[in-house]
Amino acid sequence: MALRIFDTDPDAKPKKREKKTYEEYAFQFRTGRAVNGRPVSLAKWRVLAGDPKVAEAISLLMGGTVEEWDPTKEMNLEILTDTDSVEIVIPGPDAIEDKLILWGRSGPIHECDGEFFLSPPEDAGKPCGCPRSLKERKNAAKAGRGPSPAITVPFRLAHDYDLGLGKLLATSWKFAETVHEVKNDLAAVGEEALCRLSIELVEFDLPDGEHVKYRKPRIDVLGSWNDAIAEPRD
């Protein structure tokens with residue numbers, strides 16, 4: 001089920017999201033980190049892992065040094081890599097979980113797909129009450145009154161497929177606006193797909209002259225993974 005951030009037809013029939021299960025994640029990709037309690041956007045991939053062997057393998061593949069991040073976390077190892085782009089393998093469009101979440105102190109207090117609640121069970125399928133326009137949604141989220149994107153993309157590293165299943169955790173509105181295109185491209189492949197995962201720098205000037213610059217995840221679907229491994233690889 002895709003985010004309904006552009007579809008607010010009141011007659012749309014709610015569909016219940018089926019819970020998907022995957023093997024335990026071996027690593028996580030992030031585009032930012034917290035420094036002195038403030039979020040900082042990164043130009044290169046930040047990877048978290050719990051297994052030192054996994055962390056070392058990622059360090060060898062993508063550069064960077066393995067450092068202890070937070071000993072209280074399951075994934076307590078951090079690699080600030082030297083890489084802003086890496087080839088990955090995504091199982092298919094149904095593997096991507098895209099939703100909107102407003103977090104409270106003890107967990108999500110609002111979880112929806114942009115039009116209908118996904119949880120708690122007694123509210124699932126009911127209208128969530130989010131604003132109709134994307135601008136209003138963003139403003140509500142910025143003010144702490146509305147949910148923000150919470151997108152999980154499971155994948156394997158193309159150049160170390162057997163290292164295990166990892167995931168991208170994305171909260172970017174710009175990525176949320178285009179994730180349906182990624183899912184459509186994956187559906188067109190119809191099987192495991194070779195993709196390029198990168199951090200994209202976006203820059204532009206507003207009419208008033210203000211220069212805007214930000215980074216967001218980007219996924220380009222390159223084709224069938226089976227076809228790719230049947231051909232000679234560098």
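The values are calculated or read from the model by the stated rules, or taken from the named source; none is laboratory data. What you see is a predicted model, and the numbers here were worked out from it, not measured in a lab. Cβ coordinates were reconstructed from backbone atoms using ideal geometry, including for glycine residues, and neighbour counts include every protein chain displayed.
Some observations on this one:
- Here Leu186 meets each of (1) under 21 Å from Glu78 (Cβ atoms); (2) buried (at least 17 other Cβ atoms within 10 Å of the Cβ) with one exception, condition (1).
- The residues of segment 28-59 that are free of Cβ contacts under 8 Å to residues at least 12 places away in the same chain and either exposed (fewer than 12 other Cβ atoms within 10 Å of the Cβ) or on the phi > 0 side of the Ramachandran plot (or both), listed by number, are Ala34, Val35, Asn36, Gly37, Arg38, Pro39, Val40, Lys53.
- Under the condition of being part of a helix (DSSP H, G or I) and touching a helix residue (DSSP H, G or I) at 6+ places or on another chain (Cβ under 9 Å), the residues counted in segment 54-79 number 4.
- Cβ-Cβ under 6 Å pairs, at least 6 apart or on other chains, segment 210-223 side of a type outside the set (Lys, Arg), far side loosely packed, with under 13 Cβ neighbours inside 10 Å and assigned to a strand (DSSP E or B): His211/Asp205; Val212/Phe204; Tyr214/Val202
- Boolean, Ala124 is in contact (Cβ under 8 Å) with a residue 40 or more places away in the chain, in a strand (DSSP E or B) and of a type in the set (Gly, Ala, Ser): no
- Meets criteria (more than 16 Å from Leu3 (Cα to Cα), crowded, with 16+ Cβ neighbours inside 10 Å and not assigned by TED's automatic domain parsing to the domain that holds Ser59) for Phe155: yes
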